[in-house]
Structure formats: structure tokens, C-alpha cells
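Since the structure comes first, as C-alpha cells, the remarks are kept for the end.
The values are calculated or read from the model by the stated rules, or taken from the named source; none is laboratory data. Please read all numbers here as calculations on a predicted model, not as lab measurements. Every residue, glycine as well, gets a Cβ built from its backbone with ideal geometry; the counts of neighbours run over all protein chains shown.
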Amino acid sequence: MHALDDGVAEIASATQRANREIHLLRAYRTRLIADVVTGKLDVRGVELPALDEVDVLDDIETSEDAEVNAMGTMEEPRDD
């Protein structure tokens, strides 16, 4: 029974951490959009590569792994 409780606690912790990361990403996205709309961030002339030229999933996994390994969790967005 103790092993089951430990497993459930581990899953609950991972779920809570994932939900926190989702919340932070949504807050970052909202802030980024607001900064572009208000002109605090100039995106004129920014060229993005075509999606078929970039393996998006590999880029996401690589950046997440680096952040998790460095800090044990995702870094919160900064209010610069």
C-alpha cells in the first residue's frame, strides 16, 4: 500500500508541475502578444523559417531538457 501511495504522490507532483508550466507558458504568451501589440517589442523584419525546414518537436524537447536539467523545473518568464 505504501508503494501505491508513493506512486500516486509522484504522479500528482508531476501533474502539478506540468500544470504550473502550462500556466507559465500561457502567461508568457499573453505578455509576448501584449508587448508586440503595444510596440514594446519590435518584430518588423523578423523572418521565421518555414515549418518544414525546422523540426519543431526536437527544438522543444532540447530546450525543455536543458531548462529542466539546469533548474529542476521550467524557468518563469521575466518582466523585463
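Quick check, is Thr30 under 15 Å from the mean Cα position of the chain (by Cα), modelled with pLDDT of 95 or more, among the β-branched types (Val, Ile, Thr) and surrounded by 10 or more Cβ atoms within 10 Å (Cβ to Cβ)? Steps first, please.
Values: under 15 Å from the mean Cα position of the chain (by Cα): yes; modelled with pLDDT of 95 or more: yes; among the β-branched types (Val, Ile, Thr): yes; surrounded by 10 or more Cβ atoms within 10 Å (Cβ to Cβ): yes.
Yes, satisfied.
List the number of the failed condition for Pro77; all other conditions in (1) surrounded by 10 or more Cβ atoms within 10 Å (Cβ to Cβ); (2) at pLDDT 75 or above hold.
All conditions are met except number (2).
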